[in-house]
1. List the number of the failed condition for B:S317; all other conditions in (1) assigned to a strand (DSSP E or B); (2) open to solvent by 10 Å² or more (accessible area, probe 1.4 Å); (3) away from every other protein chain (no Cβ under 14 Å) hold.
2. Quick check on my filter: what residues within region A:131-160 are open to solvent by 70 Å² or more (accessible area, probe 1.4 Å) and closer than 21 Å to A:G208 by Cα?
3. If I ask for residues that are within 27 Å of the chain's Cα centre (by Cα), away from chain A (no Cβ under 14 Å) and outside any helix (DSSP H, G or I), which ones from region B:195-233 would you list?
4. Assess whether B:L282 counts as being under 23 Å from the mean Cα position of the chain (by Cα), farther than 19 Å from B:F158 by Cα and more than 14 Å from chain A (Cβ to nearest Cβ).
5. Please find, within region A:28-38, the residue that is nearest to the other protein chains (Cβ to nearest Cβ) out of those that are surrounded by 16 or more Cβ atoms within 10 Å (Cβ to Cβ) and among the hydrophobic types (A, V, I, L, M, F, W, C).
6. So in region A:678-717, with the set limited to residues that are among the acidic types (D, E) and modelled with pLDDT of 85 or more, which one is most open to solvent (accessible area, probe 1.4 Å)?
7. Could you count how many residues in region B:21-32 are surrounded by fewer than 16 Cβ atoms within 10 Å (Cβ to Cβ) and either of a type in the set (D, E) or within 13 Å of B:T345 (Cβ to Cβ) (or both)?
8. Yes or no: B:G192 in contact with a Gly (Cβ under 8 Å, 6 or more places away or on another chain), away from every other protein chain (no Cβ under 14 Å) and under 19 Å from B:A301 (Cα atoms)?
Amino acid sequence: MEEAYNKLFLRQLKRHFGSPENIPDHLAAFIRDINGAYLSFEDDIMLLQHSLDLSSQELREAFQKKKQDADSRKEIIDKIKAAIFALNPSSSGRQECQTDEDTDFLFESLLNLIRQRQQMEISLKENEYYLREILDSQDVGVTIIDLETHEISFINKKGAALYGAEKEAIIGQVCYDFICPTRCGDCTFSGELDNHVSLEKTLLTAKGELIPVIKSVVHASFNNRKCLVESFVDITELKKAEAAIIRAKEEAIAASHAKSEFLANMSHEIRTPLNGVIGFSDLLMKSELSSTQLQYMQTVYYSANSLLDLLNDILDFSKIEAGKLEMLVEKTDIVDLSEQIIDMMRFKAHEKGLELLLNMPVDIPRFIYTDPVRLRQILVNLLGNALKFTDEGEVELQIEINRGRTDTSTLSFTFGIRDTGIGIPRDKQHKIFESFSQADSTTTRKYGGTGLGLAISARLVEMMGSSLLIESEVGSGSRFFFTVNLKAEEGEPPDRQNFSHISRVLIVDDNEANRLILQRMLDGVGIKSDMAENGIEALTLMGENRGYDVVIMDYNMPGMNGIETIRSIRNKIGLPKPEQPVIFLHSSSDDQEIRKESQKLGVSHAVIKPVKMSQLLAALTAVESKSTPAGREPSAINERQTVVDEIIHTYRIMIAEDNRTNMILARAIINRLLPGSEVIQAVNGAEAVENYRLYRPDFIFMDIQMPEMNGYDAVKQIREIESSGNRHCPVVALTAGTVKGEEARCIEAGMDDYISKPVVESTIERVIRTWLTHRSDIPQQSYETLPEGGLQHFDCDILLQRLNGDRELVKELLLDAVNRYPGMAENLRNAFQKENCMEVRLIAHSMKGAARSICCYELADIATRIELLTGEDKNRMLGLLDMLDEELKILLDDFRMKIHNEMSVEKYKG
Amino acid sequence: MQTEQLIYTENGGWMFVKQAEKKLNASLVFIFGHKDLLQDKEHYNHLKQLYPDAEIVGCSTAGEISNAGIQGNSLVCSAVSFEHTRFKVVNARINQADESFNLGRQIADHLFSDDLTHVMILSEGININGSDLTRGLNDRFGLKVSVTGGLAGDQSDFSETFLIHNGQVDKNLVIGIGFYGSQIRVGYGSMGGWDSFGVDRLVTKAKANVLYELDGQPALELYKKYLGHHAGGLPASAMLFPLSLRFSNSDKVLVRTILSVDEEDGSMTFAGDIPEGEYVRLMKASFEKLVQGAGDAAQYAVSSLGVENPDLAILISCVGRRLVLKQRTDEEVDAVKEELGPGTTVTGFYSYGEICPHYADGKQCELHNQTMTITLFKEL
């Protein structure tokens, strides 16, 4: 029962009652109530405590949870704050957010951010609008094409307009076969990484048309997608303009060509009457004229020739401009060519007192492949100019070989013309090459000239693949030069003449260039040389006991001239002629006095300047062989020998020419040349053939361009007729000279030779002599049948022709004759009086040869007779001698006059 | 108004506690007592003999209150005669608790009259939704009529309660007594004296007056935790922790007591509604506060009566208070008596719920739990 009691109560009971059992009964209920109360109270307290505990725990948990929630919330707010701060750094970031004020601030910040974003959206839209407007306002079409899918993702207004559809219809389409005519995969752009700018391409429109455009393509990347940004500009109009320009250009070129053709054609038309003027003036000059009339005619003749020259120049120039001039490359003897050119220029140079030098390497290959006509044209023009513009000093033609050849058969040649003339100022140097312009407007007045020469030369040089260059200094001189590569060939190995007896030579010349040239020449044949500038130096050198095998002495030197020096050598040093051979250099203008003197001084040979290698070698050879032609005058003329037979036979000559003027001219000439010959005319090829059949002429002049049948066909037919056993009739073609390949074609057709119009007597005579005299059955002349005095005194034309038109040389010959022939005649008479028949024959023979050489047929005839006449008939001899004198008088008077005229004409011309 | 009181006990039989000077011709007799005694016809007859003209109303209790104090297992009978006041007694049967609202209205309709001053309700204690009942009454009466009363009790058995109206003694009855006229003055007061403690708990699952879950956890679990070894005394022991129900949109705080528990679904049935979404807290009692509360209730009642020396005081106190006060329960009655004065006849019973206007709300009556609710009558 103790368990039922509250412990405290039990204790109390025990204290008071000892034990619960001791409780009196009447108190039992009371005690029970009290215990009940105790127990209830205890129970209540325990319940309360229990509740408190539970509640506390719950509260704690609740608090924790609340705190967690608060913390989370705080965290969230902090994150939001941080985010806002990151997005909008301008907001001041209060990190703690614990008060309402902060949340308000947070809210404000968020609101600001939202407003900002809205603003940005507006700006973005405006920007988009702005960009779109710009793109649409452009006149350039712009598209953006996705690189992978080839879809058009953007096209601007212009692009859509060019295509011809609405933007919406275009966007999303693929580019190939839609806006671009290329097939997919063929596109130049999509495969490469480079950007392409400004290419000409085509655009395919909606209607299927192709528009030309200039297109630029640039690689770009938007929204992580690679794409191409293409822009294109419609160039339809530009293309049209381009086509128009091309058309215009073509028309211009065609017009230019037409003009050149016209010019080329016109020249033929112009030349024909001009030929007439030239021909007939020539004829007229040979007729009986008073000296005034002759003078006038010479002027006319000269003017007509000038006009012809000008016309030829113009023709050449226009041909070059039209590209119609062609270089006819042929194997050319360069040595010959240069010597010819020098010969042409020699007289003029010596007339002005200028040294003319030819400077060629000794070992130059003899033959080069070039157009000799054009090369001559260039060099003659340049030399002519040099001589024209030089008043003192020298003019030199240099031909150099440039070493370092790559191709064994092609060499690099530099042709240079150097002068010590007035020079050309630097600022005018380009101008002179322009056609029709000269360095100075006063030049034409002072020096004459058409102004085309240099321009043509320059262009000819260009056609040879080079450029005409100039070095010049005012007052010092000029050098025109050009370098060309030419195929070259050695000639026959030169006679390596063994100058065993000549080992050392003294060159005496005041002109340094000349000295060097001579030295080079001598060096080339293994002869060593010393040089002296003047007579004093020469004597000094010789005095130093150096033995010189030969002395080459120039005449024209300051101080002691050549003659004086030789005299000194002979007298003072005491080297007579045989011991000291001297080769005398002089120009042709030096007079006969000098010649005489030099002869007296025992000059072995005289060589006319400029010295040619061949001449020098000949002289040296003569010295070497010690065979000085005794008693013979030094040969002052070149070696070309032609045999001329007198013509006495009557011939039958046919002229086939459709042009009446030319026909008359030809007739006249032939009548003059072959008086008594029959002339048969034909106006066309057919008639020519017919006439050949009928008349069997001995010689035919055949024009080429004839109606009905041309010259080629005619001669072919004639040859056919001939082939059946007839003898070959020489046919000479009369060519216009303007048609390319004409000459070759003539020969091909069966002609023997060709001469170009305008025909002049000399040309005609040349061919007649060439072709007629080759006929084997022309009987040799018999002098007995010679009519006396019936021969031509002097045929200047033939001579000129023979000498290739070298007027200077002719003049020289005439001068020579004037100087020498009287002497010869005198010697002859002396010899006759001494009854030295040998001498007489010799002199006469020599005179005959000389006379023949210069086409003095009558003189030659007389000389021949003298030669053939034996010593028996003295009277006859005397008679002949008188005739000789008379003839000489006539001739030499004529010569003198000619010389005089020539010089005056040249003065006019120069 | 004249009153007298007699008590019947097994041992003592009928004994007058207070007797009128002259023979009282009572018109209204209140009888509160043990259900068994109530059903005994013999005792009814005795009363009938004594007061042949009276309407006899009453109910079973969890303890009876008289001038002599508190008894259980007895019958306390208080007879009243009115001089000027008219009264009317109606009763209605309730079959299911969800009829409570309509029943309230019905009774109100029966009783209503322009001069209706006060209504006293004696209701079935278990099979009723007291909140609905009061709402039904309010619905009809509005703010015009004050209503007090209580739910019958059944000791602490919570098994079945009985009501008596004249010869009819039944379960599931609701009796309404209406007092008419301006001569009858009624005062009332209701006070608890319980303290809420601990955390607020959210009513997460409840239906009407059945609570399932608090904060997502079964409510029964929570109670068992707090009751500890007292859990064995459920449902009665649950009265040790009534719930304080705080309405979120007003200051109103109500106390709710458990009526029954269901072990199967873990639900607890309360005498009044426990609305979902509202917050509740557990409450605990302290003697002093309870006793104080009773005293305060009496004071309120006296002040609302407006006059001194009430004639009759009907004390309806919650069984939960008796459970807590235990042997000191008498003290709360004493506290009340102190406020009333010597001449007042005190009766009443320990109920399963009290009906009285909430002091915050004014006239609208509410179902209260764990309170001492006092109704004072004085006829002028």
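The values are calculated or read from the model by the stated rules, or taken from the named source; none is laboratory data. Just so it is clear, the model here is predicted, and its values are computed rather than measured. Here Cβ is always computed from backbone atoms with ideal geometry, including for glycine, and neighbour counts include all displayed protein chains. Just the protein is used for accessible areas: all its heavy atoms, side chains included, with ligands, DNA and RNA removed. Shrake-Rupley method; radii C 1.70, N 1.55, O 1.52, S 1.80 Å.
1. Every condition holds for B:S317 apart from (2).
2. Result: A:E151, A:K157.
3. B:V203, B:A206, B:K207, B:A208, B:N209, B:V210, B:L211, B:Y212
4. Details: under 23 Å from the mean Cα position of the chain (by Cα): yes; farther than 19 Å from B:F158 by Cα: yes; more than 14 Å from chain A (Cβ to nearest Cβ): no.
In short, no.
5. Filtering region A:28-38 for residues surrounded by 16 or more Cβ atoms within 10 Å (Cβ to Cβ) gives A:31, A:34-35, A:38.
Within this subset, residues satisfying the condition of being among the hydrophobic types (A, V, I, L, M, F, W, C) are A:31, A:34.
Numbers: A:I31: 14, A:I34: 10 Å.
Checked region A:28-38; the qualifying residue nearest to the other protein chains (Cβ to nearest Cβ) is A:I34.
6. A:E708
7. Step one: of region B:21-32, the residues surrounded by fewer than 16 Cβ atoms within 10 Å (Cβ to Cβ) are B:21-23, B:25.
Within this subset, residues satisfying the condition of being either of a type in the set (D, E) or within 13 Å of B:T345 (Cβ to Cβ) (or both) are B:21.
Adding up the residues that qualify gives 1.
8. Working: in contact with a Gly (Cβ under 8 Å, 6 or more places away or on another chain): yes; away from every other protein chain (no Cβ under 14 Å): yes; under 19 Å from B:A301 (Cα atoms): yes.
Here the answer is yes, as B:G192 does meet what is asked.
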